[in-house]
1. Would you tally the residues in segment A:168-180 being more than 7 Å from every other protein chain (Cβ to nearest Cβ) and open to solvent by 10 Å² or more (accessible area, probe 1.4 Å)?
2. What number of residues in segment C:244-258 are open to solvent by 10 Å² or more (accessible area, probe 1.4 Å) and facing chain A (nearest Cβ under 8 Å)?
3. Which one of these does C:ILE278 not meet: (1) open to solvent by less than 10 Å² (accessible area, probe 1.4 Å); (2) more than 9 Å from chain B (Cβ to nearest Cβ); (3) out of contact with any Gly (no Cβ under 7 Å at 6 or more places or on another chain)?
4. What are the residues in segment A:15-45 that are part of a loop (DSSP other than H, G, I, E, B), open to solvent by 10 Å² or more (accessible area, probe 1.4 Å) and more than 24 Å from A:ARG81 (Cβ to Cβ), if any?
5. Please give the strands (runs of 3 or more DSSP E) falling wholly within segment C:172-223 in which 3 or more residues are at the interface with chain A (Cβ under 9 Å from one of its Cβ atoms) and modelled with pLDDT of 95 or more.
6. Yes or no: segment A:76-89 includes at least one residue that is open to solvent by less than 10 Å² (accessible area, probe 1.4 Å), at pLDDT 95 or above and not small (Gly, Ala, Ser).
7. Out of the residues in segment C:1-21 meeting the condition of being in contact with a Leu (Cβ under 8 Å, 6 or more places away or on another chain) and crowded, with 23+ Cβ neighbours inside 10 Å, tell me which one is nearest to the other protein chains (Cβ to nearest Cβ).
Amino acid sequence: MKPTLTLGPVLFNWPAERWRDFYARIADEAPVDAVVVGEIVCSKRAPFLAPVMDEVIARLAAAGKEVWLASPILVGSDRERAAMRDLLESDLLPIEANDMGALALLDGRRHAVGPFINSYNEATLAWLAGRGAVAVSLPAELPAASVAVMAKTGAALGLSMEVQVFGRAPLAISARCYHARAHALHKDGCQFVCANDPDGMPVSTVDGQPFLSVNGTQTLSHGYLALAAEIDRLRAMGIRRFRLSPQDLDMVAVATAFRAVLDGARSGQEVMAELRGMTAVPLENGFFHNMAGAAYADAPAA
Amino acid sequence: MRDPGFMVQDQAHETAPDPRARDVEVQLTRAGLGVARRLGDRAGGLLFDRLLRILEARHPRAFAALGELPDARLLIDPVDAPAALLLRVGPTLALRVCDRSAEAEATVRGPCARLLDLLEGRIDGDALFFRRELSIEGDTALILALRNTLDGEEMDLFGDVAAAAGPLRHALPVARRNAGRALDLLATARRFAPPPLRWGMTMLERRLTGPRQGA
Amino acid sequence: MSSFELICPAGSPAALRAAVDAGADAVYLGFRDETNARNFPGLNFSRPELAEAIAYAHARSVQVFVAINTYPQAGNLAPWQRAVDDAARLKADAVILADLGLLAYAAEHHPELRLHLSVQASAANAEAIRLYREAFGVRRVVLPRVLTVPEIARLNAEVDVETEVFVFGGLCPMAEGRCSLSSYATGLSPNKQGVCSPASHVRYEPRGEALASRLGGFTINVFGAGEPAGYPTLCKGRFVPGGGTSSDPAYLFEEPTSLNALALLPELKAAKVCALKIEGRQRGKAYIAAVVAAYRRALDAFDRGLPVPALDLEAMVEGGAQTTGAYTRAWR
């Protein structure tokens, strides 16, 4: 089976025009098979994207991409619930559920389970598959041993199993906005300060060591998770989908590089070297290797 | 998950003796450590082995848990006492008096009274970390394991030892009840006594405290 | 009839007796392994200890809930399933679960066992809660600490499930069960191993008069001379927003503060909350005795329509401020 390269949703607060242009270029140039779109971090940002959403979806679909709509990560407030319901009312596109509420509303419909639903073991996969999930994207913190078991069970259940192979690892979600808090603002009057940091706001330790990245209510890793050198191993386990999470760098180049690894045209190590040349942000793969997520372990040369 | 904002004082009214009685116990402990060190490794070792056996008989759950820990040494250093204690946890559980520079995987350092609270599980687990008067070095997990294990017991170091030691079983509650008054008297006497007599009192204290600690 | 059930933590048999004696309506606890979210060294219950605990509590008309609220490890489901089996066999009054697969197992194998949804499942909306009710027969949901009281009230109007909320103790600023900060720094996480910012990865480092607390390879805080030191729970540390040394270190995620929702009792009652929960299975028995007794006095006064006494915890609580957390909108 041909592996699928998936582009996850843009997590950051990009201006609508930039967001639209980004996807236009993805549609025209990026060798990705599937694209997941939607504002999943903050419901306050969603209205800005709404005017260009249809255009983006049409453009991606016209380019032959499989387009998915992602549901928000945290749904608690009335506004968030309303947004989730609106999203799920339309049945034009398949949905990737990131919250159990969305999963509830998708009963009987073909859907994907996103990385923000806690899928930690084969028993959970069986339950999800029984409710109509066709694909499951695994949480970033799962180590290789768990991924292997779940890839195998997932395949037997008819699930297309996915692992994130590039981009900052999502680490936490909150009702509180840390971008607003860092600027001494309240979430209700946030002035959309998160837009100042299109790749996340860097957070360092007291000693000045880079550590985390804040994206509104979301906290991400400082480093980019990068599993280019682990792709062969993931494929051998039975992983079928490989997710790239958009960052503020040339994502067409990133997608092209990962595509080449999937096609067997380039080695993972070679692509890791190319990625290092594209960004000063460190590359990390600790979660997969059962270490601290912030760590980097040399994968054995393929 | 943890909340570093809290500092919880030991709850004197629960299991602890009267605070004045605790003063007496602190003094006894300090004196006892001094005596034990002078006794040397063999006699001192026998003393502490006996102490551990008494506690083990009364707190099998805690001792089973300490025995299950990986082999490690914890230095317990009461800064206001003449010597420190080295607790070895794991399969070969042992307690020895030692020099305060002894090598260990983890060290807890602080005033004698605080460390007694710690040993008896009377300080809240997290509070242990917040008090700057207690300093922690090395393996934090080992210290936490010990503290959690002891907190799971209703441990009363002096009460337990006294209960196992015949006559003291009756003497200790009385001593605790009267501790305040006795201390006042001792302090007053010391203040007014001429130097030779003061020296005599110290000797008297030592004589009293030595056997009691080792009982 | 009491307005609320008071649900209290216990990390050891001694703590359980303290909670029961101080006036708990129910005590929650876990087995001594990775199946629960307070898997700290020296804490928790063996099977015989659970049996004794249940006997002690039931003799005093107090319930015992067993938290099995981590996410079972792929390829190694047995310890979690056995924990559910043993809790049922030993007649626990409920199990507190988070994982979908484990909920399905419990619902299938122990249809009589009362299921509570752990806060670690982070079910924050009516749609999600109804799903857990319909799929597994969940009877009670411990709500994540992301909702305001008005949101809780609207939620209770929509679902046929009891709700339990945290009222006192530590406060996760992140949605529970959806946080990998600890494993990012240490490799060990609440979801997988039942630990957050584990002591095995904590080191205190003197820096002159100051004291640095480190977790994994990262400095989580530096305390000045005389400043009370904190445990380096990752989200309660001081960091530099903007990176580098662009600004002064600040409590970016949460201050070293503690939840206390006592002032919200009337609102929580009007919101039809069923049970109030005290956090702190990792805390000492002295702390548990004091907090449970104070809450018991407050709830008894509240039920009789008397003014609710301020918690007499000032004597034992120092340093940190108290907050009503996410229950009031300003927190966000």
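1. Count: 2.
2. 4
3. Here C:ILE278 meets the rest and fails (3).
4. Across segment A:15-45, the qualifying residues are A:PRO15, A:PRO31, A:ASP33.
5. Per the criteria, C:218-223.
6. No, every residue in segment A:76-89 fails to be open to solvent by less than 10 Å² (accessible area, probe 1.4 Å), at pLDDT 95 or above and not small (Gly, Ala, Ser).
7. Going through the qualifying residues, I end up with C:SER12.
For every residue, the table says whether it meets (1) in contact with an Asp or Glu (Cβ under 7 Å, 6 or more places away or on another chain); (2) within 14 Å of chain C (Cβ to nearest Cβ); (3) at pLDDT below 80.
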residue	(1), (2), (3)
B:GLN9	no, yes, yes
B:ALA16	yes, yes, yes
B:ALA31	yes, no, no
B:GLY45	no, no, no
B:GLU56	no, no, no
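The values are calculated or read from the model by the stated rules, or taken from the named source; none is laboratory data. These numbers were taken from a predicted model, which means no experiment stands behind them. Using ideal geometry, Cβ is built from the backbone for each residue, glycine included, and neighbour counts are taken over all protein chains shown. To get the accessible areas, we keep the full protein, side chains included, count just its heavy atoms, and leave off ligands, DNA and RNA. Shrake-Rupley method; radii C 1.70, N 1.55, O 1.52, S 1.80 Å.
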